[in-house]
Amino acid sequence: MPYYDFYCEQCDKELEINLPIAKRNDIIKCEQCQNTLTKKVSLITIGYDNFALTGKKPDEGFRDKLREMKRNIPRNTINVD
C-alpha cells in the first residue's frame, strides 16, 4: 500500500498515511480535531530532486512549468532556482 501525505489546516499538522489505492480518494479526518485532511502533492519535489542528484539542469521550459506549479500549489516545497 502506498503512503499519502496529508495536511490538517486546523492543527497545522502534516501526516503520512498508508492507504490502499482503492481508498486514496476517500475523505480522511484528522485524529485530533476531526477536520477533513487535505492531500498534499509531493511527487513534484521528488522529480526535481532527481535532476539535482544527477548534476543535470532541467531546460528552461521545465523550469517554467515548475514556477507555475510553485505559484498554484499551496504549501509547496518546490525549489526552482
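Only the coordinates and a few stated rules stand behind these numbers; no lab work does. This one's a predicted model, so the numbers in the text were calculated from it and none came from an experiment. So basically every Cβ, Gly included, is an ideal-geometry build from the backbone, and we count neighbours across all protein chains shown.
Fully extending the segment from Lys57 to Asn35, taken as 0.36 nm per residue of separation minus the present Cα-Cα distance, adds 3.9 nm. Between Asn76 and Asp26, the simple label model (points 7 Å from Cα in the Cβ direction) yields a spacing of 3.0 nm.
Ignoring lysines fewer than eight residues from Lys57 along the same chain, the ones with Cα atoms less than 16 angstrom from its Cα are Lys65. Its alpha carbons considered, the range 1-40 gives a radius of gyration followed by a Dmax of 9.6, 27 Å.
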